[in-house]
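Have a look at the structure below, then the notes.
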């Protein structure tokens, strides 16, 4: 059993479930694009303090008692974060910290999902597209709850420290099994965590607030280094207002109440400051300067209006593009605009109604994202359905089903993205199937009208961003 299974983050229900609750396809005849305006954000944070909080802090609020985990830690010091004390031998994707009652616990940190290997190096802030949430974590979480109850007496500090986390992991497995490998339904985690949470004080309640639909969507995990450019968060641009509030939503996994939430939030000015210092990795191969210049002209003519300009005078428009214009798989955007209970819960909660305020404003569209480090952030589109930039810019060659190459970390520097193969059978292990609901690879066909030479030059320019 892998220790990673103790961190139940997110998953999708099997495709055999009923789809009758899913949103139906609709157009947006009243608008094509919207420019999302900036809102006032914190500028007082300390990046060094923010990074330290991310790798050692208590923002999950509660977790697994350290006595359960200490014999399952690394045998040699972790070299990714190179931390001290109890975290010296801790997996880089988890933190050991003390809860409000002084009990030492272990829980996953942000780098469970927001770090990944590229060119043999772990890149903090790069979305983890190797995540595998296809297996049910129900048996693991049940065993964990039994182990804690067996080891610690009722009413003990360890049981008290574990309880908020236990409340969440008891609910989550019912909603968290993905159909495709590498996708991350992070919002399903949050939605599941709010089922039994009071909106005002965030206390756990016995009566459910709502019953989520059975089919849950997942998405690719975007890189964090673009946050400094954004006026809204998430692929559909629904995260508005205070980014410090929006960024701490994973805390719902274990914080017990709003008193703890406020203490966590007090650290997120620093976290936001650190995120704004992130820069993408540079393309490691030689770039043809002649092709780059030709590609830059193509980009400015065909792409810059939505994705912005780059270089010394860069400008990013924060443009939301309607579904009937971009024509990528609509289900993710429509789920939040029509069916998600999370939007209603959030906008009536402590997150939206205490200072600084944030909100979820879901519409039927997707943000045209900044393209800094685009070469490094395969796969592409909001659902990670397209493995390379070459495939993205030529929709006729996008694979219906695909598997990563022999080495799961192998990168294709010619097509720019993941090495992949076409499965011999319709169902194979670790296969991405774009025919599943919500995982279509259509739309964004703007590159189709370019010549092969223009696409080659454009890709050369994109390598430089």
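Odds and ends about this structure:
- Condition met for residue 35 (in contact with a strand residue (DSSP E or B) (Cβ under 9 Å, 6 or more places away or on another chain) and over 24 Å from residue 218 (Cα atoms)): yes
- Answer from 224, 275, 189, 247 - the residue that is without any contact (Cβ under 8 Å) to a residue 40 or more places away in the chain, within 23 Å of residue 54 (Cα to Cα) and under 15 Å from the mean Cα position of the chain (by Cα): 247
- Checked against the criteria, residue 285 does not count as over 13 Å from residue 342 (Cα atoms) and in the same structural domain as residue 125 (by TED's automatic domain parsing).
- Enumeration of residues in segment 126-142 that are farther than 26 Å from residue 155 by Cβ and free of Cβ contacts under 8 Å to residues at least 40 places away in the same chain: 138, 139
- Yes/no for residue 157 being farther than 30 Å from residue 277 by Cα, buried (at least 18 other Cβ atoms within 10 Å of the Cβ) and either in contact (Cβ under 8 Å) with a residue 24 or more places away in the chain or not assigned by TED's automatic domain parsing to the domain that holds residue 412 (or both): no
- Among the residues of segment 172-207, just one is over 24 Å from residue 111 (Cβ atoms) and in a helix (DSSP H, G or I), namely 174.
Per-residue answers, yes or no, for (1) more than 19 Å from the chain's Cα centre (by Cα); (2) farther than 18 Å from residue 56 by Cα; (3) touching a residue at least 60 places away in the same chain (Cβ under 8 Å):
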{"residue": "87", "(1), (2), (3)": "yes, no, no"}
{"residue": "97", "(1), (2), (3)": "yes, no, no"}
{"residue": "105", "(1), (2), (3)": "yes, no, yes"}
{"residue": "117", "(1), (2), (3)": "no, yes, yes"}
{"residue": "124", "(1), (2), (3)": "no, no, yes"}
{"residue": "144", "(1), (2), (3)": "yes, yes, yes"}
{"residue": "153", "(1), (2), (3)": "yes, yes, no"}
{"residue": "167", "(1), (2), (3)": "yes, yes, no"}
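- Scanning segment 225-243 for residues that are surrounded by 21 or more Cβ atoms within 10 Å (Cβ to Cβ), touching a helix residue (DSSP H, G or I) at 6+ places or on another chain (Cβ under 7 Å) and over 17 Å from residue 322 (Cα atoms) returns a single hit, 243.
- Residue count, segment 252-263 (criterion: crowded, with 21+ Cβ neighbours inside 10 Å, touching a helix residue (DSSP H, G or I) at 6+ places or on another chain (Cβ under 6 Å) and in a helix (DSSP H, G or I)): 2
- The residue that is nearest to residue 249 (Cα to Cα), among those in segment 60-75 that are assigned to a loop (DSSP other than H, G, I, E, B) and at pLDDT 95 or above, is 60.
The values are calculated or read from the model by the stated rules, or taken from the named source; none is laboratory data. If you're wondering where the values come from, they're calculated on a predicted model, not measured in any experiment. Cβ coordinates were reconstructed from backbone atoms using ideal geometry, including for glycine residues, and neighbour counts include every protein chain displayed.
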